Amino acid sequence: MSPAHTQELSAEPEPVPRARKRLASASIDGRLPDPQARERNVLITHDTRCALDAVVDLVNTAPEDDTADGLANLPALHDFVRNHDISDVGTLSELDLSAVRKIRGRFAGIFAASDPRAAATLINELVAAAGTTPRLTDHDGYDWHVHYFAPGASVADHLAADGGMALAFFVVAGEQERLRRCEAPDCRRAFVDLSRNRSRRYCDSRTCGNRLHVAAYRARRKEAAG
């Protein structure tokens, strides 16, 4: 996958929660940096975005009360791999299907994490178990980009390594809260809020968002009519 473009998201500077000992080597021209003025950025490369899309779609294959498992069988896993152009995974088996379902649950846990420390712990466990091995590659005619999974890794380890590192960037940038669930009470699908002001509330504004807006409008009309 070619890193054809990047997307940068900026958050307003946030105060440092507690004082830290400053080292002399951290000074610039004899002046200490001001941690209050640090602006946190998330740099989303094309490959990071592809990894995020795969993670979100994987989490959303999990069965809910009124939906079937999106990874119910091996053909469904083949479709997932093909749709997300996941390379170098070899011949898929029932063992791969079971492993991917397990990884799916771990990703769901990251989206449910209550704070950055909890998310970081889960991500560290995920990428460590996958045997993360960063390497530059330009396979299949794509320009240079980074693979985090080890050569010959299973599809589950592939997803865990690349997806885990993509989510790690959000924790590093102080943007873990962008890993969200749809606020529509009958949905709860996962999504990554890439809006600049962290304002996205629904997985799809054209479906969940519009449905709730229409419901709220009708409720107001009914109340006004007595």
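The values are calculated or read from the model by the stated rules, or taken from the named source; none is laboratory data. Just so it is clear, the structure is predicted and the values come from calculations on it, not from any experiment. For neighbour counting, all protein chains shown are included, and Cβ atoms are generated from backbone atoms with ideal geometry for every residue, glycine included.
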Filter pass, Leu58 being over 13 Å from Leu167 (Cα atoms), of a type in the set (A, V, I, L, M, F, W, C) and surrounded by fewer than 17 Cβ atoms within 10 Å (Cβ to Cβ): no
Ala119 vs. criteria hydrophobic (A, V, I, L, M, F, W, C) and in contact with a His (Cβ under 8 Å, 6 or more places away or on another chain): no
So Phe80, is it farther than 19 Å from Tyr148 by Cα and buried (at least 17 other Cβ atoms within 10 Å of the Cβ): yes
Selected residue (criterion: modelled with the lowest pLDDT) from residues of segment 183-226 that are within 27 Å of Ile44 (Cα to Cα) and part of a helix (DSSP H, G or I): Gly209
Selection from segment 53-67 of residues that are among the charged types (D, E, K, R) and in contact with an Asp or Glu (Cβ under 9 Å, 6 or more places away or on another chain): Asp66
